[in-house]
């Protein structure tokens with residue numbers, strides 16, 4: 001199994017991304033959450049963007065309802081991913097579908113989508129999704145137990161691990177003028193939106209722009 005390129009890529013991605021859970025655990029406890037509360041968020045919510053949005057609102061003095069709304073807004077992308085992965089991987093059985101849905105995250109979807117072989121898609125999806133789930137939860141526990149003893153988690157460079165992993169997946173796909181154009185426009189939209197929109201919304205705006213550009217480009221090619 002380890003001879004599979006998709007599995008190796010998935011485990012590498014899991015190692016790079018899962019360790020960032022230390023940052024979440026530490027920030028969650030400094031925001032006022034208990035160890036069990038932080039762990040429940042990682043185990044049940046399990047989507048980094050939504051988790052950080054939740055504790056960001058809580059740390060800012062927001063209500064639980066406001067924190068939940070912010071997390072749900074960022075989690076909408078996972079519903080779109082689920083539709084794509086359901087068609088691509090066709091999970092069967094209730095338990096299989098539940099487990100499949102739980103590990104449908106940015107990284108597992110990106111790795112599965114990058115594969116051309118159906119078996120490699122499944123291997124990559126589960127290697128990345130399950131690997132990150134395990135490491136993210138273990139790292140969350142470590143971070144929440146250590147709490148303030150870690151200081152600023154960003155000083156450890158953990159915030160760069162996930163970014164580097166995403167760039168590693170994205171770079172090989174930027175072939176041709178259209179993907180590069182979409183990436184450049186989305187970067188510009190994000191940079192312009194960051195000073196004006198609450199955390200989390202710039203990336204959603206960039207995603208919406210990417211979808212619109214994709215539709216326009218597909219229609220243009222079909223003519």
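Every number in this text was worked out from the coordinates using simple rules, so none of it is lab data. Quick caveat: nothing in here was measured; it's all calculated off a predicted structure. With ideal geometry, Cβ positions are generated from the backbone for all residues, glycine too; neighbour counts draw on all protein chains shown.
Coordinate range of the alpha-carbon atoms in region 1-146 per principal axis, descending: 48, 28, 24 Å. The order of the peptides 82-94, 45-57 by mean Cβ neighbours within 10 Å, most packed first, is 45-57, 82-94.
If r is the Cβ-Cβ distance from residue 35 to residue 216 and R0 is 30 Å, what FRET efficiency results, to the nearest 0.05?
Numbers: r = 48 Å, r/R0 = 1.60.
Calculated value: 0.05.
Once the piece of chain linking residue 138 and residue 181 is laid out straight, how much longer is it, given 0.36 nm per residue of separation minus the C-alpha distance between them? Mind showing how you got there, number by number?
Values: separation 43, 0.36 × 43 = 15.48 nm, distance 3.85 nm.
That works out to 11.6 nm of additional length.
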